Amino acid sequence: MSEWRVNLSLSTLLSLAGGGLLLVLLWQLRWLVVVLMVAVVIASTLSPLIRQAERAKIPRWLAVLLVYLGVLGVLVLFGLIIGPTVAQQIERLVRKLPSYLDVLESLAQDLIVRLGLSDPSVLDQLGEFFDIQGLISWGFRTSQELVVRSYGLTRGIVGGFLSLLLALLLSGYMLAGSENLIDGIVELFPQPWEDRLRSLVMPVSQRMGSYIQGRILVSLILGTATSIGLRFLGLTEFAIGLGVIAGFTNLIPFFGPILGAIPALIVAIAQGGWLFIWVLLLFVIVQNVETYVLDPLLVGNTVRVPPIYQLLAVLGGAQVLGIVGALIVPPWVAGGAVVLEALYLKPKRLQEKS
């Protein structure tokens with residue numbers, strides 16, 4: 001009978017205890033950790049603009065101030081131009097949604113009768129699979145869970161606003177004093193890790209920033225195209241609001257485009273005729289343009305993260321942090337891929353060749 005002996009040194013026990021305490025501390029400070037993650041994403045996104053301003057001989061602190069004021073001005077201008085219209089259309093859509101769902105349920109029941117599936121036992125079985133109200137309730141519950149996870153991090157609307165403001169301030173500080181901040185962090189590591197980590201800061205920032213820049217640009221293009229297409233198809237009452245919804249949800253890879261299409265398809269079905277087919281065709285065309293043209297051109301070539309890892313990042317981020325996680329975890333995965341490639345995969349390949 002063999003014996004298993006485990007020799008644990010004092011340093012090993014202290015390392016395990018320290019690691020456990022660090023995990024507990026990070027969990028207690030998870031709100032601050034998420035704010036820091038958001039700040040890093042914002043800083044990485046705006047970093048190229050800061051570098052361009054510096055090339056024009058503008059001091060870095062002034063470049064940061066001008067970039068933030070410029071971004072804020074664009075957002076305010078955008079809100080003033082289409083904000084009231086979007087708010088009115090979305091409010092009108094929410095108000096009419098129950099009646100649209102009733103029409104949708106009536107159409108489903110009529111289709112069942114036309115197909116000759118009016119037998120009570122068959123209807124009961126179909127009702128289990130095509131319970132529209134149940135599906136809608138499930139969708140709302142799922143959305144609520146994602147919002148609740150985000151709500152738990154920020155503790156309400158006011159907390160969310162303050163968290164965003166803190167993230168913006170931290171990102172501004174990171175951009176203004178990035179060199180000193182980076183030097184202070186990497187100096188904590190022994191050589192040769194100090195030089196390796198310092199050399200990775202720029203590639204990681206570029207990869208994370210490129211991901212967010214690409215997603216924002218793709219979402220703007222798709223939101224605009226969707227609004228124009230819906231207006232052309234006759235949904236002028238909700239065209240801009242539905243386009244904004246589609247553009248915003250498209251920031252979330254994989255599931256966002258589907259979520260953005262659902263409101264428009266519900267409105268199209270309720271209005272009857274061939275409108276549903278045309279709206280569905282519009283979204284299919286728009287999403288194929290995104291998948292095969294815009295994403296490879298604006299996102300994929302710079303991020304270089306396999307789709308399966310992006311999907312897992314979205315699912316994991318949404319599960320832990322809600323909507324916030326679905327937005328910020330993928331760029332962190334993109335940045336982590338740079339670190340993994342430089343510190344593990346490249347040395348491993350070189351060792352295998354030698």
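Bear in mind that the values in this text are calculations on the coordinates, not laboratory data. Please read these numbers as outputs of a predicted model, since none were measured by experiment.
In order along region 331-345, the Karplus-derived 3J(HN,Hα) couplings, from 6.51 cos²θ - 1.76 cosθ + 1.60 at θ = phi - 60°, round to x, 5, 5, 4, x, x, 4, 5, 5, 4, 5, 6, 8, 10, 5 Hz, and Gly and Pro are given as x. For region 198-297, the square roots of the Cα gyration tensor eigenvalues, ordered a ≥ b ≥ c, give a/c of at least 1.5 with a/b greater than b/c, which places it in the prolate category.
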